[in-house]
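Trainee: Take a look at this one; I'll ask things after.
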Amino acid sequence: MPQFIKDGTVRLTSSVSALSYAAAVGKMEGDGPLGECFDYIAKGAELGEETWEKAESKFQQYAFDFALRKGNFLSDDIDFIFAGDLLNQCTGSTYGLRQYDLPFLGLYGACSTMAESLAVASLFADSGIGEYCAAITSSHFCSAERQFRFPINYGGVRTPTAQWTATASGCCIVGISDEPPFIKAVTIGKIVDMGEKDANNMGAAMAGAAYDSISRHLSNTGKRLSDYDAIFTGDLGQVGSDILCELFANQGTDISTVHKDCGLMLFDRKKQDVHAGGSGCGCSASVLCGYILPRVKSGELKNILFAATGALMSTTVSQQGESIPGISHVVEISHRK
């Protein structure tokens, strides 16, 4: 059963493991530095669909189907699905997963949704509520641009602080096992508002939440930065990563030695025009399921923190002049049982 520590941190006690995981991405993501890590790379962003939103739903289907096949699961083996995306009312997930006839909980944490869904799925598995639980999320550059900014044919100029929403999806199926990667603990994020109002500067809006959640996790578990091979945020990009390092430096801590950001890992900023880096639910999800978890399983990475970050905004409140609150959920993953 999960053991509550304090202040949002819960330790898992039942040897919960990431049993199977998969990532499906678009062509641009496949052309990036991590291209060889993904299970499916699309030739384009449409996947034969007539709308970007339907294409995003199909990316979720692909990630889920690949995870099922890699783990030798049938869809009926899954007790609960926890899924979300950036679209209104989580339509990328609900339309993508409606065919499976499975108990479904839609989640919204913006770009933090992979950590949120993985945390909740792991807690369900640890408590015995479900034997096998799936955590899934996605994003799509074109559907996100249409909802939060402008349709791509508008041709607006992106600012240097802007990030590129990944066209990608990741799925992780968790359950009790003696094989790594093991989900050891989670820290649920708090809403942190940095006062940022620029919808094209998500890194600045989310950095404070990442700092808060990572700091609380370390304090609540009694761990130090040196206990981890890497702390992966997602997706602060270059601007948010710099701010995160500065926030820790102000407290006398150098996090730069272990910090990595999924938004800076997914794309090659020198060769791909993504400005400050990648973003979107699918960015950290695809990096987690395609790159991080396989390396924890092999033992290349022994202990890591996965701290996905999200900007809890909407186009309506942004146009009303509201600031953009951020949130970050932390999942501790280990090669050791």
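The values are calculated or read from the model by the stated rules, or taken from the named source; none is laboratory data. Every value quoted in this text rests on a predicted model; they were computed, and no experiment measured them. All Cβ positions, even for glycine, are placed from backbone atoms using ideal geometry, and neighbour counts span all protein chains on display.
Trainee: Go through segment 75-126 and give me each residue that's in contact with a Pro (Cβ under 9 Å, 6 or more places away or on another chain) and among the acidic types (Asp, Glu).
Mentor: Selection gives ASP79, ASP126.
Trainee: Select from segment 30-63 the residues that are among the charged types (D, E, K, R) and under 18 Å from ILE173 (Cβ atoms) and list them in ascending order.
Mentor: ASP39
Trainee: Related question: Can you confirm whether ALA162 is over 24 Å from ALA63 (Cα atoms) and assigned by TED's automatic domain parsing to the domain that holds ALA307?
Mentor: So ALA162 does not fit the description; no.
Trainee: How many residues are assigned to a loop (DSSP other than H, G, I, E, B) and of a type in the set (Lys, Arg) if we restrict to segment 287-337?
Mentor: Total meeting the criteria: 3.
Trainee: Filter segment 15-27 for residues that are crowded, with 23+ Cβ neighbours inside 10 Å and over 30 Å from PRO2 (Cα atoms) and give the result.
Mentor: Answer for segment 15-27, where residues must be crowded, with 23+ Cβ neighbours inside 10 Å and over 30 Å from PRO2 (Cα atoms): ALA24, VAL25, GLY26.
Trainee: Which condition number does CYS90 fail, the rest of (1) closer than 15 Å to ALA166 by Cβ; (2) of a type outside the set (D, E, K, R); (3) within 17 Å of the chain's Cα centre (by Cα) being met?
Mentor: Failed condition: (1).
Trainee: Say we look at segment 73-96 and pick out the residues that are free of Cβ contacts under 8 Å to residues at least 40 places away in the same chain and of a type outside the set (Asp, Glu); which of these is surrounded by the fewest Cβ atoms within 10 Å (Cβ to Cβ)?
Mentor: LEU74
Trainee: Please work out which residue is modelled with the highest pLDDT, limiting yourself to segment 313-327 and to residues that are out of contact with any helix residue (DSSP H, G or I) (no Cβ under 6 Å at 6 or more places or on another chain) and buried (at least 18 other Cβ atoms within 10 Å of the Cβ).
Mentor: PRO325
Trainee: Now for a different question. Select from segment 157-180 the residues that are more than 20 Å from LEU34 (Cα to Cα) and either touching a helix residue (DSSP H, G or I) at 6+ places or on another chain (Cβ under 9 Å) or modelled with pLDDT of 95 or more (or both) and list them in ascending order.
Mentor: Residues satisfying the conditions are PRO160, THR161, ALA162, ILE173, VAL174, GLY175, ILE176, SER177, ASP178, GLU179, PRO180.
Trainee: List the helices (runs of 4 or more DSSP H) that sit entirely inside segment 134-250 and contain at least 2 residues that are of a type in the set (S, T, N, Q) and surrounded by fewer than 23 Cβ atoms within 10 Å (Cβ to Cβ).
Mentor: Details: elements: 141-148, 202-221, 237-249.
By residue number, 202-221.
Trainee: On to the next question. Has segment 269-276 got any residue that is closer than 16 Å to THR233 by Cβ and among the small types (Gly, Ala, Ser)?
Mentor: Within segment 269-276, one or more residues are closer than 16 Å to THR233 by Cβ and among the small types (Gly, Ala, Ser).
Trainee: Restricting the search to segment 254-286, which residues are assigned to a helix (DSSP H, G or I) and polar (S, T, N, Q)?
Mentor: SER284, SER286
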